[in-house]
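Peer 1: Structure incoming, see below.
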Amino acid sequence: MTFFWSSWITILSIMCWAAILGVLLMVLKYKPELEDDGTTGHAYDGIKEYDKPLPKWWLVIFFGSIVWAIAYWIFFPAIFPSKWDGLATVEVDGETVPWTSKNELYSELESNNKVFTDNFEKNILAKADASGATATLATLADMQATMRRSDNPPADLQTQIDQKVAELAPYVEKLSENPNALKVGSRLFLQNCAVCHGSNAKGALGYPNLTDNDWLYGGAPENILTTLHNGRVGGMAAWRDQIGEDGVRAVSEYVLSISGNQQGYDLDQTKVAQGEVIFNEPTNCVLCHGDDAKGMISTGAPNLTDDIWLYGGDRESIRETLRYGRAGVMPEWQTKLGNERIMLLAAYVYSLSDKPVNSAKAATATATTEAPAEATAN
Ligand code: HEC
Ligand code: HEC
């Protein structure tokens, strides 16, 4: 809090407190002169005023609140909040911190989350025969807390966190076969993911379909976990400045020729040939889309030889992609949802896709090196 607001609050509170105390003392001290009949001599419309003492209960409450205010200032960071943290504390992240309203909120979130986590461990992990995940989750949470707290975290901490996340993969696979876990996962999906990927997870222009077997970043449980934890940004640069509008047209024609888009375009073979040369320059398209143009998990570059398109596979859409570039953003969910909910979501997403026979291979190999092109083009 800035010094100004801190002082503002302090001065207002003290003034208000002093004014109330002052009024009370004044009233208690003031002794009017009484008439013989015990009244003050004031009469309004025939009603005479006595000088009776204030009721005890009322005085107790009044004094009580004046003392309460002082106690509040001592325990809560209310007077000079920029300097005084207050004596009272709450627990956040296993640490004892001052009882500010922000910390109070975090502390409440944490205890709500604990209810969820306990339930997750008892009713979901245990029943899906995946209790082994508990230890990994605990270590992961510790690492993440260290990361959050330190301004200058150790260089390899993020790598270690990523490794721990990957260790959850076998348990995600187990959860993906448990109906109860999938039910919770689907609810989480509707709340958090459906806005972009659609309530049936089939995606839309720019938002990938999660129910097929075509993956930008890999469809094995550990790929999905990584995608959800850290988020992804698709990086396809704009090419018009580099290869010119003619280059864009040529290379688009080449992309059409190798793609599974069978719209019966009359392809301009001269352009296809020119495009092929540009495409295969080692520092151009092959760098990310791969020598066979089938995409690469490490770059998130899609397979260009099938008929599954993120941004549209007609001639004009491909040209647009090349002219202006594309950068789809998948947000990170670690901060917002936490490790347990991400496991449930990953299990749900994994359960939706029609998995390849050797899904484990997809985790490491670049997209589809051995699958024949006909297998993916429907
Ligand atoms: C703001 C929109 C948005 C939201 C919300 C969102 N996503 Fe995404 N997601 C994207 C985009 C865009 C991509 C593709 C990124 C790219 O183009 O490189 C993506 C990619 C993915 C991928 C990788 C797909 C692949 O082919 O490898 C998965 C898995 C995924 N999202 C799951 C989820 C889940 C689960 C949620 C809910 C927790 C979610 N997304 C919420 C926009 C979103
Ligand atoms: C730096 C890596 C990189 C290079 C180089 C690159 N691309 Fe891409 N490309 C990507 C990524 C990543 C995406 C997905 C973008 C997204 O997810 O938003 C993409 C998307 C595309 C798409 C859209 C596919 C769809 O499904 O809609 C086309 C077409 C494409 N690239 C063609 C090319 C061509 C042709 C070249 C060479 C001129 C090229 N790319 C060079 C990384 C690259």
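Here, each number is a calculation from the coordinates, and none is a lab measurement. What you see is a predicted model, and the numbers here were worked out from it, not measured in a lab. Heads up, the Cβs are rebuilt from the backbone with ideal geometry, glycines too, and the neighbour counts pull from every protein chain shown.
Peer 1: Straight-line reach from residue 31: which aspartates and glutamates have Cα under 20 Å away, leaving out those fewer than 8 places along the same chain?
Peer 2: List returned: 49, 51.
Peer 1: Same structure, new question: If you build the convex hull over the alpha carbons only and average its shadow over all orientations, what do you get for segment 3-75? Give it in nm² to one decimal. Numbers along the way, then the final one.
Peer 2: Numbers: hull surface 29.3 nm².
Averaged projected hull area, Cα only: 7.3 nm².
Peer 1: What angle do you read, to the nearest 10 degrees and between 0 and 90, between the alpha-carbon axis of helix 240-258 and the longest principal axis of the chain?
Peer 2: Tilt relative to the chain: about 60 degrees.
Peer 1: Quick check on segment 123-260: take the gyration tensor over C-alpha atoms, sort the square-rooted eigenvalues as a ≥ b ≥ c, and tell me if it's rounded (a/c under 1.5), prolate or oblate.
Peer 2: Details: a/c = 2.73, a/b = 1.57, b/c = 1.74.
It is oblate, given that a/c is not under 1.5 and a/b is not larger than b/c.
Peer 1: Need the full-extension length gain, residue 20 to residue 52, defined as separation in residues times 0.36 nm minus the C-alpha distance. One decimal, nm. List each step's numbers first, then the result.
Peer 2: Numbers: separation 32, 0.36 × 32 = 11.52 nm, distance 2.07 nm.
Going from the current span to full extension adds 9.4 nm.
Peer 1: Still on this structure, please answer the following. For the chain, find the longest principal axis of its Cα atoms and tell me its angle to the long axis of helix 179-192, 0 to 90°, nearest 10.
Peer 2: Tilt relative to the chain: about 80 degrees.
Peer 1: Subtract the Cα-Cα distance of residue 62 and residue 148 from 0.36 nm times their separation in residues, and report this length gain in nm to one decimal.
Peer 2: Values: separation 86, 0.36 × 86 = 30.96 nm, distance 4.51 nm.
Working it through step by step, the gained length comes to 26.5 nm.
Peer 1: Pairs of alpha-carbon atoms within less than 8 angstrom and 6+ residues apart define the contacts here; what relative contact order does segment 236-327 have, in percent?
Peer 2: Reported relative contact order: 39 percent.
Peer 1: Is segment 256-303 rounded, prolate or oblate when judged by the Cα gyration tensor, a ≥ b ≥ c being the square roots of its eigenvalues, rounded requiring a/c under 1.5 and prolate requiring a/b larger than b/c?
Peer 2: On the way: a/c = 3.97, a/b = 1.46, b/c = 2.72.
Here segment 256-303 falls in the oblate category.
Peer 1: Oh, and also: Which whole number in µm²/s is D for the chain by Stokes-Einstein, with the Kirkwood Rh taken over Cα pairs at 20 °C and 1.002 mPa s?
Peer 2: On the way: Rh = 26.5 Å.
For these conditions, the coefficient is 81 µm²/s.
Peer 1: Additional query: Determine, from the Cβ-Cβ distance of residue 280 and residue 336 and an R0 of 45 Å, the FRET efficiency 1/(1 + (r/R0)^6), rounded to the nearest 0.05. All intermediate terms of the calculation are to be shown ahead of the outcome.
Peer 2: Values: r = 42 Å, r/R0 = 0.93.
Here the calculated transfer efficiency is 0.60.
Peer 1: Once the piece of chain linking residue 317 and residue 240 is laid out straight, how much longer is it, given 0.36 nm per residue of separation minus the C-alpha distance between them?
Peer 2: Working: separation 77, 0.36 × 77 = 27.72 nm, distance 1.42 nm.
Length gained, residue 317 through residue 240: 26.3 nm.
Peer 1: Now, a different point. Rounded if a/c is under 1.5, else prolate if a/b is larger than b/c, else oblate: which is segment 236-327, with a ≥ b ≥ c the root eigenvalues of its Cα gyration tensor?
Peer 2: Numbers: a/c = 1.31, a/b = 1.10, b/c = 1.19.
Rounded, because the longest to shortest axis ratio a/c is under 1.5.
Peer 1: Same structure, new question: Report the residue, chosen from 15, 343, 147, that carries the largest GNM mean-square fluctuation when the chain is represented by alpha-carbon nodes joined by springs under 10 Å.
Peer 2: 15
Peer 1: Moving on. Can you compute the equivalent ellipsoid semi-axes for segment 88-157, i.e. the square root of 5 times each eigenvalue of the Cα gyration tensor, sorted largest first and rounded to whole Å? Don't jump to the answer; show the numbers that get you there.
Peer 2: Numbers: eigenvalues 132, 75, 10 Å².
So the three semi-axes of segment 88-157 are 26, 19, 7 Å.
Peer 1: Let me ask you something else. Within the set 122/202; 102/174; 164/336, which residue pairs have Cα atoms separated by over 30 Å? Please list the in-between numbers first.
Peer 2: On the way: 122/202 32 Å; 102/174 38 Å; 164/336 18 Å.
From the list (122/202; 102/174; 164/336), the Cα-Cα distance tops 30 Å for 122/202; 102/174.
Peer 1: Take every Cα pair under 8 Å in the chain that's 6+ residues apart, average their separations, divide by the length, and report that relative contact order as a whole percent. Mind showing how you got there, number by number?
Peer 2: Numbers: 462 pairs, mean separation 62.2, N = 378.
The value is 16 percent.
Peer 1: Any chance you could give the angle, 0 to 90 degrees and rounded to 10, that helix 133-149 forms with the longest Cα principal axis of the chain?
Peer 2: Its long axis makes an angle of about 70 degrees.
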